[in-house]
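The values are calculated or read from the model by the stated rules, or taken from the named source; none is laboratory data. Here the structure is a predicted model, which means the values were calculated and not measured. Every residue, glycine among them, receives a Cβ derived from its backbone with ideal geometry; neighbour counts consider all protein chains shown. These accessible areas exclude ligands, DNA and RNA; they are computed on the full protein's heavy atoms, side chains included. Shrake-Rupley method; radii C 1.70, N 1.55, O 1.52, S 1.80 Å.
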Amino acid sequence: MQQIKQYVEQNKQRFLDELFELLRFPSVSADPKYKQDVLKTADYVAQKLKEAGADHVEICETAGNPIVYGEKGSDPGKPTILVYGHYDVQPPDPLELWETPPFEPTIRDGKIYARGSADDKGQFYMHVKAFELMVQQGNLPCNVKFMIEGEEEVGSSNLGIFVKANKERLKADVVLISDTSMISMEHPSLETGLRGLSYLEVEVTGPNRDLHSGVYGGAVANPATILAKMIASLHDENNHITIPGFYDDVAELTTPERKALNEAPYDEATYKADLGVDELWGEKGYSTLERTGTRPTLEVNGIWGGYIGEGAKTVLPSKAYAKISMRLVPDQHSNKITKLFTDHFKKIAPKSVKVKVTPHHGGEPVVTPTNSVAFKAAQKAITESFGKAPIPTRGGGSIPIVALFEAELGIKTVLMGFGLDSDALHSPNEKYDIVNYYKGIETIPLFHKYFAELSDTWRL
Ligand code: BES
Ligand code: MN
Ligand code: MN
């Protein structure tokens, strides 16, 4: 541990400079206008992996953004860790709400402000630097494979194809990912589950053209009003989702499981104050931690239609739209939920409008084991570097590829995230604490060490 700390201390500034360089690439995967920047980011990641000591570094082309692959070691006597991360980021909008530009990383109050600082550049880059440290110290207890992709924020569909086509190359004993949150530096935690996702877009069409809202208003259904009503009807007075069959496959937690989950530190007043809300909202009968970690949800991510420019224009719009996501939990399936939503949404539409539902991406929920060698190694590593055992929690976010790693490669994942929920992921002023960045770099080599040690004992 002392040697690890020393190496980090000596290379502190360079570790930060390199991350800053990575953060300056606007590698937004959702918008094709950033394609060249995305490609440059992949080049940079590949170069840094090489410099850190990885062999066979390759920029693997896909039908979309490239995947950066690299590895070191093929000792059959050592276990193999597959490190997954993503170098793409969410769009930075709304730009005017950023205190400093999203792609000019800036330190304020010990935190790095930039799009991607926590999600996921700052987090996957800790693995590159921890790997460099182990190579430099001549102490690589496990074989390591890196797979850093550029389409996580748009559903990882090309990575899915890559994984299916490269099963031999990706063979490993565990997938290690830092792309989730922990509770706080005082309360380190390990996420033991991720929600799935079904994301779709709806279009409601009323009259065949925009109309004068005075001449026609009152005689023709306004698709914006109809859409608002239809959306509002998707939750009942207890905030349960009203789509028939929606909860059919939801695995209820046992009483001890619920109890354990609710033992995680959570302060409602702090939570509300951080978000600037006076009251929380959610499914009746469940706590906030349960609502975000173990219950499925339905959210409007965007809703629009009609005139949204400056000033006032009197118009009855022809069309209204919404982007809707549903977060899924075991044992729901995204395709089934997408179909249930589509059928229901069409059914509740009045005859005055036409409804079109277009599915976007999906992903399946996962629960990671807590009795595995890998999970124990992560617990040991965190306990040693934080001086406290990690609390198991359930994450509300989604990383669709995790379920696929399990289904296609048969490999389970450890979610060893060092971000915080308050890091403003996907929001303006995303940040990552420098302390968490260094702490991650110090903790990762301990994971490698304990994973090798515990795998060894287990084999005997
Ligand atoms: N890193 C996040 C997921 C996450 C964040 C999990 C915090 C747990 C805690 C990931 O980059 C992400 O944002 N995923 C998307 C899904 C994707 C298909 C767009 C999400 O959860 O919305
Ligand atoms: Mn992420
Ligand atoms: Mn994300």
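The figures follow:
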read-out	value
Enumeration of residues in region 145-179 that are crowded, with 24+ Cβ neighbours inside 10 Å and either within 16 Å of ligand 3 (Cβ to nearest atom) or modelled with pLDDT under 95 (or both)	148, 149, 150, 151, 152, 156, 159, 177, 178, 179
Among the candidates 379, 332, residue that is polar (S, T, N, Q), outside the structural domain of residue 102 (by TED's automatic domain parsing), modelled with pLDDT of 95 or more and away from ligand 3 (no atom under 16 Å from the Cβ)	332
Test: residue in region 120-142 that is open to solvent by 20 Å² or more (accessible area, probe 1.4 Å), within 14 Å of ligand 3 (Cβ to nearest atom) and outside any strand (DSSP E or B)	no
Residue 397, sole failed condition from (1) more than 16 Å from ligand 3 (Cβ to nearest atom); (2) open to solvent by 30 Å² or more (accessible area, probe 1.4 Å)	(1)
Check on residue 76, open to solvent by 10 Å² or more (accessible area, probe 1.4 Å) and within 16 Å of ligand 2 (Cβ to nearest atom)	no
Residue that is modelled with pLDDT of 95 or more and closer than 12 Å to residue 128 by Cβ, where the choices are 22, 16	22
Leading residue by the ranking (least open to solvent (accessible area, probe 1.4 Å)) among those in region 194-226 that are within 16 Å of ligand 2 (Cβ to nearest atom) and out of contact with any helix residue (DSSP H, G or I) (no Cβ under 7 Å at 6 or more places or on another chain)	195
Matching residues, region 24-47, being basic (Lys, Arg) and either open to solvent by less than 20 Å² (accessible area, probe 1.4 Å) or outside any helix (DSSP H, G or I) (or both)	24
Residues that are of a type in the set (D, E, K, R) and either outside any strand (DSSP E or B) or more than 16 Å from ligand 1 (Cβ to nearest atom) (or both), drawn from region 169-220	169, 171, 173, 179, 186, 195, 203, 209, 210
Test: residue in region 371-390 that is outside any strand (DSSP E or B), touching an Asp or Glu at 6+ places or on another chain (Cβ under 6 Å) and closer than 30 Å to residue 14 by Cβ	yes
Residues that are surrounded by 14 or more Cβ atoms within 10 Å (Cβ to Cβ), modelled with pLDDT of 95 or more and assigned to a strand (DSSP E or B), drawn from region 344-362	355, 356, 357, 359
Matching residues in region 141-160 - criterion: being out of contact with any strand residue (DSSP E or B) (no Cβ under 6 Å at 6 or more places or on another chain) and either under 29 Å from residue 421 (Cα atoms) or within 16 Å of ligand 1 (Cβ to nearest atom) (or both)	150, 151, 153, 154, 156, 157, 158, 160
Residue that is nearest to the chain's Cα centre (by Cα), among those in region 323-343 that are closer than 19 Å to residue 228 by Cα and buried (at least 20 other Cβ atoms within 10 Å of the Cβ)	326
Pairs with Cβ under 6 Å, 6+ apart, first in region 7-32 and in the same structural domain as residue 151 (by TED's automatic domain parsing), second modelled with pLDDT of 95 or more and open to solvent by 60 Å² or more (accessible area, probe 1.4 Å)	25/40
Only listed residue being assigned to a loop (DSSP other than H, G, I, E, B), open to solvent by 40 Å² or more (accessible area, probe 1.4 Å) and at pLDDT 95 or above, chosen from 272, 313	313
Odd one out for residue 287 among (1) within 30 Å of residue 321 (Cβ to Cβ); (2) within 23 Å of the chain's Cα centre (by Cα); (3) modelled with pLDDT of 95 or more	(1)
Any hit, region 403-415, residues being of a type in the set (D, E, K, R), within 16 Å of ligand 3 (Cβ to nearest atom) and in contact with a helix residue (DSSP H, G or I) (Cβ under 9 Å, 6 or more places away or on another chain)	no
Residue match in region 437-445 (condition: within 15 Å of ligand 2 (Cβ to nearest atom) and open to solvent by less than 50 Å² (accessible area, probe 1.4 Å))	yes
Selected residue (only one of 286, 307 is open to solvent by less than 50 Å² (accessible area, probe 1.4 Å) and either under 30 Å from residue 338 (Cα atoms) or in a loop (DSSP other than H, G, I, E, B) (or both))	286
Residue in region 89-111 that is nearest to the chain's Cα centre (by Cα), counting only those that are within 12 Å of residue 24 (Cα to Cα) and not in a loop (DSSP other than H, G, I, E, B)	89
Any hit, region 11-23, residues being open to solvent by less than 10 Å² (accessible area, probe 1.4 Å) and part of a loop (DSSP other than H, G, I, E, B)	no
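For every residue, the table says whether it meets (1) over 30 Å from residue 452 (Cβ atoms); (2) surrounded by 14 or more Cβ atoms within 10 Å (Cβ to Cβ); (3) within 16 Å of ligand 1 (Cβ to nearest atom).
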residue: 64; (1), (2), (3): yes, yes, yes
residue: 82; (1), (2), (3): no, yes, no
residue: 94; (1), (2), (3): yes, no, no
residue: 105; (1), (2), (3): yes, yes, no
residue: 112; (1), (2), (3): yes, yes, no
